[in-house]
Amino acid sequence: MSEARPIIGIVPGDPNGIGPEVMVRALASGHLKAHCRPVVIGCSAIVEQAIALTGLSLRTRSHADGDSWVEDDGVIEVIESAPYAVDAVRYGHDLPEAGAVSGAWLDHADRLARQGHLQGTVMGPISAKAMDMAGTLASIASHAHDDPAYLLLRSGRLVIAHLTDHIPLREVSAAITQDAVFRLIEKLARALASWGFDKAKIAVAGFNPHASGAEESGAIAPAIQRARAQGIDVEGPISPDTVFRHCIEGRHDAVIAMYHDQGHIAIKTWGFAGNNVVFLGPPYVHTTVAHGVAHDLAGRGQADCSMLLNAILNAAQLASGKGFFTEQV
């Protein structure tokens, strides 16, 4: 295997959810080590508990920074971070202690990536409620520091970046400014270029039916004109009832949606299984899953790892500048 494979740090997510068990299943799948060098940022006790829960024949190896390595498919490399006692795990429950350790693991992965020890990171399913209880929910967004972070969802040929995310619909109109739209177009174009897309084509969805309204004429269209003047291949505003189908058909490499449900409904209707999320904002590739902690399944050892597996494979491909991972796993 080539030593050029990127090192991808995987944060297990909330220890009371399905994150640790789907993580070890993904690591045991046999799909990862040809594409990357995966390492867990967490604590070996939680990883070993997940191994026992799933009945997998794996063992852990702990070290400090991920620079030392062994090529053994039966070994899960673990960079020891904040500890979490196995007897503190309460499957299916939101606890501040679990939220605190989720944030600590995520912050540790961020530091390692910024220091160059990791070429990408993957966040397992976290509990926003538990992290909010612990006061660590800001860890998710803080990795972008002063630079706005955006969600990019991808399923097959459909790739959607979101201008706004978890804000009420009545506030979206005010958030659609020329500067905000231009900033996202520019950031998405840079990201696509770094991920290996040659002359990427970007489409921008309108906000109103048929892309006809004050937001389009006053903010979206002028932002697109500014981006074109910089040489970015961007088209729009395009009616939101057709633009996503255009992307699926291959006319565009990515679409910018104006708000959460405009993009999320499209992506989850087109193809829910295996889809995943990329954060635009951190100066390194950072992906996650498009599902939650699944408290109803946690602790049974039966949860499907396909979304996390695809998130890791996408992080590896994007960090290598090879575009999105396109094989079916």
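Nothing in this text is a laboratory measurement; each read-out follows from the coordinates by a stated rule. All values reported here derive from a predicted model rather than from experimental measurement. Backbone-built Cβ (ideal geometry, glycine too); neighbour counts: all protein chains shown.
The ellipsoid equivalent to the alpha-carbon distribution of the chain has semi-axes of 35, 21, 17 angstrom, derived from the gyration tensor eigenvalues as √(5λ) and listed largest first. Here, segment 1-94 yields an orientationally averaged convex hull projection of 5.8 nm² when only Cα atoms define the hull.
The C-alpha atoms of the chain define a longest principal axis, and helix 96-114 lies at about 70 degrees to it.
Order these by the 10 Å Cβ neighbour count, fewest first: Phe197, Phe325, Phe244. Walk me through the numbers on the way to the answer.
On the way: Phe197 18, Phe325 22, Phe244 25.
With the fewest neighbours first, Phe197, Phe325, Phe244 line up as Phe197, Phe325, Phe244.
If segment 157-270 were replaced by its equivalent ellipsoid, with semi-axes equal to the square roots of 5 times the Cα gyration tensor eigenvalues, what would those be, largest first, whole Å?
Working: eigenvalues 75, 57, 32 Å².
That gives 19, 17, 13 Å for the three semi-axes.
Distances between placed amide hydrogens fall under 5 Å for Gly213 paired with no residue 5 or more residues away or on another chain. Note on segment 156-274: dipole from Cβ charges, positive end direction compared against His246, Trp195, Val181; the farthest Cα belongs to Trp195.
Look at Ile312, Ile167, Ile176 and count the other Cβ atoms within 10 Å of each Cβ; fewest to most, that gives Ile167, Ile176, Ile312. For the chain, lysine pairs separated by 8 or more sequence positions, or belonging to different chains, with Cα-Cα distances below 26 Å total 10. Ordered by the number of other Cβ atoms lying within 10 Å of each residue's own Cβ, fewest first, Trp195, Trp270, Trp105 fall into the sequence Trp270, Trp195, Trp105.
Please report the projected area of segment 280-329's Cα convex hull averaged over all directions, in nm². Average of the hull's projected areas for segment 280-329 equals 4.4 nm².
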